[in-house]
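The values are calculated or read from the model by the stated rules, or taken from the named source; none is laboratory data. Everything quoted here is computed from the prediction, not taken from an experiment. In this analysis, Cβ positions are derived from the backbone assuming ideal geometry, glycine residues included, and neighbour counts consider all displayed protein chains.
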Amino acid sequence: KIDRQFHIEVNDENKLTSTCVIQNFLILLLVQHLDIANINPSYVVLNDSHGVHNLTVEGIGPGHTEISAVAYAPINLNKAHLTVNVCKSKILEIISQIVGWIFIISWGSSFYPQIYTNFKRKCVVGLNFDYLALNIVGYVSFGTFILNLYFNSEVQKEYFEKYPRGLIPVKLNDVVYNLHGIMAILLTIFQCCVYERGDQKVSTTAKVIIGCIVTLYTVCIMLHKYSQMQWLDLLYICSYVKIVITLLKYIPQAYMNYKRKSTSGWSIGLVFLDFNGGFFSIMQMVFDAYNYDDWVSIFGNPTKFILGVMNIVFHSFFIIQHYVLYKNSGYISLLDDGLGNKADCICCYSSCGILSSTKMSGYVLVTVSFFFLFITILPLSNGNIKISSQQLLIGLNKNQTVKIEVTDFNNSNAKLQFIVQHMDIIRIRPSTITLEPFNKTYELVIEATSAGHSEVTTIVNASHVDLTDVYFVANVCKSQIVDILSKICGWIYILSWGSAFYPQIYSNFKRKSVVGLSFDYLGLNLIGYLSFGVFISGLYFVPDLQQEYFERYPRGLIPVKENDVVYNLHGTMAIIFTIFQCVIYERGTQIISTTAKILISALGGFYVICCILLSLHILQWLNFVYYCSYVKLAITILKYIPQAYMNYKRKSTHGWSIGLVLLDLNGGVFSLLQMILDSYNYDDWVSIFGNPTKFGLGIFNIVIHSFFIVQHYCLYKHPPLDPTKEYNVSFLPKTNAKV
């Protein structure tokens, strides 16, 4: 064993100790990034059954690197590794830790101004109950994740099996922070029960969201019960729910303040402390990124960065509401929650915040200069090694031959060893080959023993040998017939989704009218396809982006093919043609709703910010195109909701093509069927339940289109004679258009 992790300054040297218990074996110590740290000696010879070897680690440049041990012997080296963090300045590291404590204390104490405000007013009118409901669900979800990873030994065992060299990402302070937050929210909810609240209640929208979350958890628990999902995957889903709720929970309060034209009842002290926490959270990320020359930790982790930015944006908006928009609305004789509910008491308190505006003026935003260091990679020599194929498809209990071609090799007695990720799936003969000088081709026999996927990597006991591309992935299937059926299912769902646009286009043409087709659906769908088009076209056509991708994923393949480009371009053109029909055909007074406009504007603002960051070379292009793909995923979930709601309000599906629905449903069914066939054929059920995004989108596609079918054939089978008179819905003004 060797110490796992410690901090050293640049050009500083630390000594660590290795204890050996095996005789007469050579252990090589491999440094992931030689420009960051170096270890001396780079190997250890184990001569005694027990012994201590002193190794010196030198910090060369700022950053993070891992040092691992390999050996040509049956030695357990799972714990023989360490992570070296080389910082530019330990003083800056201390400042970063201080900033971390500031934002933790700010967020931890942000509950109390609201609790104090409620206590002082003896009233909770003005505090949105949706915010509280979503917040408690978020904290309980995250608490489930934290407590299980910290206390549950079975979950910890699953974690280390999945990440053998990882550390449990939960500390005692995380447990205390989450439990404290839950207790504070429960106390606030208790205040809502005992203090004056008027007619305020949790809205239907929040109930639906919470119901969906409960349904998700129920499905996950059932999957775990039948051994289709690990506890660790379920717990990660809980953490994802917390992230989503963090983005959503402030929206009801902001909207309530807007409707009431007042922030009375919503503590400005809570806002200041949360803003303070978000600001110092991002400051810590900036300090660490500079100190370790690791800017990817900011922009390569969009979840944490976006949550921090959204925190600042929301609370800046609350500050504007409190001090600018609704500055003179502190006294209201009848408190109104903005949704038509009145409180019968007179509460003449303004928002009882702890911090004043004069104290807030002390905040000075610091502009941090970003420095990028260009690292020169040492050239590799000693010949060229190529492998004949990096993707293998092998039938169960069958063999396949792989060729290793070595050219211009000028080293002797070098041994190339093949490391199999899963020994129960494939075996390699021989497992080690001795590389001879000059040119030669070697053959490996791959024997498939069980279904699944396994990666085979290589190590060599010689320096300056490039093994970047010397690896392959073996896919062992139970039946090649099932593999062919899977490909047929793939073509069916691609053709179904590709042709799903035309029934709606034909329906509009035949009726010479688009009344009944939600413009929100079209607007969101176009934004989604354009966003995904940026991702697809960028990775397919732009060489610089492809180079960025291979630098980040050296063993990866570009995840975009020619058919993806054609499919997206075809979909974009079909949507634009449908929008053209909306311009020339009868549409009544239908327009895009305010909600959709706000959502599209928010996406536009997001893209403007990204473009600014790109122009300043702060954001990498690869990260930007991935953000575009995330936008597509979000829109795929949202885009059908306006159409379903419109059908409900009109009590009719007239104008919404059932052909589109059936083709989309067919695509969703065959998409899931392909996933199931592949999971069975490769004995890889984690590919379904371990990837909740893809699986969830497939299930959602089936659910929403099944709902459209129920609307069309059951609920509104006999619609009103004039369904257009039902258009007075929140996102469509009333119209007298005839269909």
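Scan the range 104-127 and tell me whether some residue there is part of a helix (DSSP H, G or I) and either assigned by TED's automatic domain parsing to the domain that holds Ile60 or touching a strand residue (DSSP E or B) at 6+ places or on another chain (Cβ under 7 Å) (or both). Yes; the residues of the range 104-127 include at least one that is part of a helix (DSSP H, G or I) and either assigned by TED's automatic domain parsing to the domain that holds Ile60 or touching a strand residue (DSSP E or B) at 6+ places or on another chain (Cβ under 7 Å) (or both). Restricting the search to strands (runs of 3 or more DSSP E) fully inside the range 420-492 and requiring at least 3 residues that are under 22 Å from Leu29 (Cα atoms) gives 432-435, 452-460.
Filtering the range 106-155 down to residues that are free of Cβ contacts under 8 Å to residues at least 60 places away in the same chain and among the hydrophobic types (A, V, I, L, M, F, W, C), which residue is nearest to Ser264 (Cα to Cα)? Can you show your working first?
Step one: filter the range 106-155 for residues free of Cβ contacts under 8 Å to residues at least 60 places away in the same chain, giving 136, 140, 143, 146-147, 150-151, 153.
Applying the additional criterion that residues be among the hydrophobic types (A, V, I, L, M, F, W, C) yields 136, 140, 146-147, 151.
Details: Ile136: 22, Val140: 28, Ile146: 35, Leu147: 36, Phe151: 42 Å.
The selected residue is Ile136.
Scanning the range 438-457 for residues that are under 22 Å from Ser479 (Cβ atoms) and not β-branched (Val, Ile, Thr) yields Glu447, Ala448, Ser450, Ala451, Gly452, His453, Ser454.
Of all the helices (runs of 4 or more DSSP H) wholly in the range 636-722, which have at least 3 residues that are at pLDDT 90 or above and closer than 26 Å to Gln590 by Cα? Break it down into steps so the answer makes sense when it comes.
Values: elements: 641-650, 658-681, 686-689, 692-710.
Ranges flagged: 641-650, 658-681, 692-710.
Screening the candidates Leu638, Leu665, Leu633 for the property of being touching a residue at least 24 places away in the same chain (Cβ under 8 Å), closer than 29 Å to Trp295 by Cβ and either touching a strand residue (DSSP E or B) at 6+ places or on another chain (Cβ under 9 Å) or among the hydrophobic types (A, V, I, L, M, F, W, C) (or both) yields one hit, Leu633.
Inside the range 481-509, residues that are touching a His at 6+ places or on another chain (Cβ under 9 Å) and crowded, with 19+ Cβ neighbours inside 10 Å make up a count of 1. Applying the selection to the range 573-602, what residues are under 35 Å from the mean Cα position of the chain (by Cα) and at pLDDT below 90? Result: no residue meets the conditions.
Yes/no per residue for (1) at pLDDT 90 or above; (2) part of a loop (DSSP other than H, G, I, E, B); (3) of a type outside the set (A, V, I, L, M, F, W, C):
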| position | (1), (2), (3) |
| --- | --- |
| Lys157 | no, no, yes |
| Val170 | no, yes, no |
| Leu179 | yes, no, no |
| Ile182 | yes, no, no |
| Leu186 | yes, no, no |
| Cys192 | yes, no, no |
| Val202 | yes, yes, no |
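Residues of the range 24-59 that are loosely packed, with under 13 Cβ neighbours inside 10 Å, under 16 Å from Val70 (Cα atoms) and at pLDDT below 75: Asn24 alone.
If only one of Lys171, Lys225 is assigned by TED's automatic domain parsing to the domain that holds Leu127, charged (D, E, K, R) and either within 19 Å of the chain's Cα centre (by Cα) or over 23 Å from Phe111 (Cα atoms) (or both), which one is it? Before you say what the answer is, go through the steps one by one.
On the way: Lys171 fails: either within 19 Å of the chain's Cα centre (by Cα) or over 23 Å from Phe111 (Cα atoms) (or both).
Just one listed residue meets the conditions, Lys225.
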